[in-house]
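Encoded as structure tokens, the structure appears first; notes follow it.
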Amino acid sequence: MEQSRIFAAIALSFAVFLLWEFFFVDKVDKQVVEKPEQSLQTQTNSKEEPYLKEINTESLHSTPLIKKDDLKTIKPPRVIRINTPLYSAVISEKGAVVKSFVLNNYKESMKPDSPLLEMISPELNNGTIKIGLAGNSIPELNDAFFMTDVEHDTIEINDYSRELSFFWKSSNGIVIEKKFLFSPETYMVGCNVIIKNGSNQTIRDNLILSLFKVYAEESGGYGFEGPSALINNSLEQVKIKDIKDKNIYNGELKWIVVQDRYFMSCIIPERAADASMRLFLQDNTVLENQFVQPESVISPGTQRVFGFHLFMGPRSTKVLSKIGYDLDKSINFGMFDFLAKPCLWLMNFLYDHFIANFGIAIIILTTLIKLVMWPLGTKSYKSMNEMKKIQPLVMELREKHKTDKTKMNEATMALYKTYKVNPVGGCLPMILQIPVFFALYRMLYEAIELRHAPFFGWITDLSAPDRLFDFGFAIPFMQPPYGIPVLTIIMGATMFLQQKISPAMGDPSQAKIMQLMPLVFTVIFINFSSGLVLYWLVNNVLSISQQYYTTNK
């Protein structure tokens, strides 16, 4: 195999991969440590507990548990706002659902007047964290108006945890209580669902707790966005487009999640149980991710308590690792996750202990990785230099045997053997570095640490494309805002320089293709986050320096 063809294949494969990802990709447990007063008394799937001392236990299996209540609620549902140092939540009496969950430490955008980040889209009129029953054995529950006995509509939680309960009673005496526990120091919210059977018939059904999220029909980007679950201790991620093919996943569920690039909402049962995750997509935009409990039997005069934890917050390894429940496993960087996570840890370590600037941390991280890969790079550049020296002889053989491909290849291989040149010697070390590139690429794309993180000058957000000025008019291939992508242009220039000092392709057609590569990569990277472009730029500069040093040495 000739070096020129290998280089062309690798470069083209690299370009095809990035183009494809850019244009076509859809885009005993560890428990939470709580203060004694912060823990809800929960017994998930507990045994039936007494509810009423005297009750008619006659069973009416032939008819529904309750008839549809014709009474209409006259007054609008009351909403309760809960303010903590980390977030502000709004819960409506209609369904006792969470209508709003605003994160106090994150903003929607970098604009000075940007509002704080809202986890729940305004399009979700019915909110999220909705309860239901798989068999619809209590039809009234679908439109239930809960009541709460708190005096004020706003609750401030700054020093200690506080419970907030919502109650609903059916026409035949079934009481459902939805009890929340809010704490000032964590994004975790306790949530107990208590079903008290005050009717005269047995309830046999599966409790459902649902997450809702609005997704664009085509979610761009390289990272994963959508529903996932930890099933049988294995992460199951389901692309939005795949829900129509399979929407039920069974096994021992530790949690279910809906997520986007930087944030996620999660339902965690108090104890992992053999349950189901069911997925539904409405109008190709509204996703419902259901946690379906195993079937429960609640006899008349008894009650059951179903314990959960809720999480709505950043997809941060620091935050999730402290929470427990293996929630940090929800952060997965794909095929090369085992390489990406150490890189993320090292970047955060550099930021926390040495320099409080993620741009500089990326530069240092890239340099350290380059030093580790230095021997491989040196071997590659030495082999490329040797190939460059015998390139005139290779061209002579091509001209001499241009009508006979077999003789041309035989003569070329004999030439390599004579001069002890390995035609793939310059390629194999580069191939070994490709997994590191993709691991860093994915990590830098999804790391919430880079969201709205400034570097210097005009680069005020390492998670967004770099733009100097704002032209106010559209530019082909560029996403708004429209300005000068300085960092990307410099990166393209370094690729052009690196190509110039590399051995020329033996095949003229391949050489022409390679000449276009810096331009192709510049166009591809024009909308990439500045953190990714910074990594690629620094890597190019270090590679050029190493190649120059190795060649002249």
Checklist entry - Taking strands (runs of 3 or more DSSP E) that fall entirely within the stretch 87-132, which contain at least 1 residues that are exposed (fewer than 13 other Cβ atoms within 10 Å of the Cβ) and under 22 Å from the mean Cα position of the chain (by Cα)? => result 98-107
Item to check | Enumeration of residues in the stretch 236-259 that are charged (D, E, K, R) and surrounded by 20 or more Cβ atoms within 10 Å (Cβ to Cβ) | outcome: LYS254
Checklist outcome for this item: If we keep only residues of the stretch 168-198 that are of a type in the set (Val, Ile, Thr) and part of a strand (DSSP E or B), then the residue farthest from GLY324 (Cα to Cα) is VAL175
Next on the checklist: I'd like to check which helices (runs of 4 or more DSSP H) are fully inside the stretch 357-454 and have at least 3 residues that are in contact with a helix residue (DSSP H, G or I) (Cβ under 7 Å, 6 or more places away or on another chain) and farther than 20 Å from TYR548 by Cα.
Outcome noted: 358-372, 391-400, 405-418, 428-446
Checklist entry - How many of the residues making up the stretch 529-553 are part of a loop (DSSP other than H, G, I, E, B) and at pLDDT 90 or above? => result 1
Checklist entry - Which residue pairs have Cβ atoms under 6 Å apart, sit 6 or more places apart or on different chains, and have a first residue in the stretch 156-176 that is on the phi < 0 side of the Ramachandran plot and a second that is among the β-branched types (Val, Ile, Thr)? => result ILE157/THR84; PHE166/THR148; TRP168/ILE176; LYS169/VAL175; SER170/ILE66; SER171/ILE66; ASN172/ILE66; ILE176/ILE195
Next on the checklist: Can you find a residue that is more than 18 Å from SER210 (Cα to Cα), touching an Asp or Glu at 6+ places or on another chain (Cβ under 9 Å) and surrounded by 22 or more Cβ atoms within 10 Å (Cβ to Cβ) anywhere in the stretch 270-284?
Outcome noted: no
Checklist outcome for this item: Considering the stretch 260-269, residues that are under 20 Å from the mean Cα position of the chain (by Cα) and outside any loop (DSSP other than H, G, I, E, B), and then whichever is surrounded by the fewest Cβ atoms within 10 Å (Cβ to Cβ), we arrive at PHE263
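The values are calculated or read from the model by the stated rules, or taken from the named source; none is laboratory data. Quantities reported herein were computed from a predicted structural model and do not represent experimental measurements. Note that each Cβ is placed from the backbone with ideal geometry, even for glycine, and that neighbours are counted across all protein chains shown.
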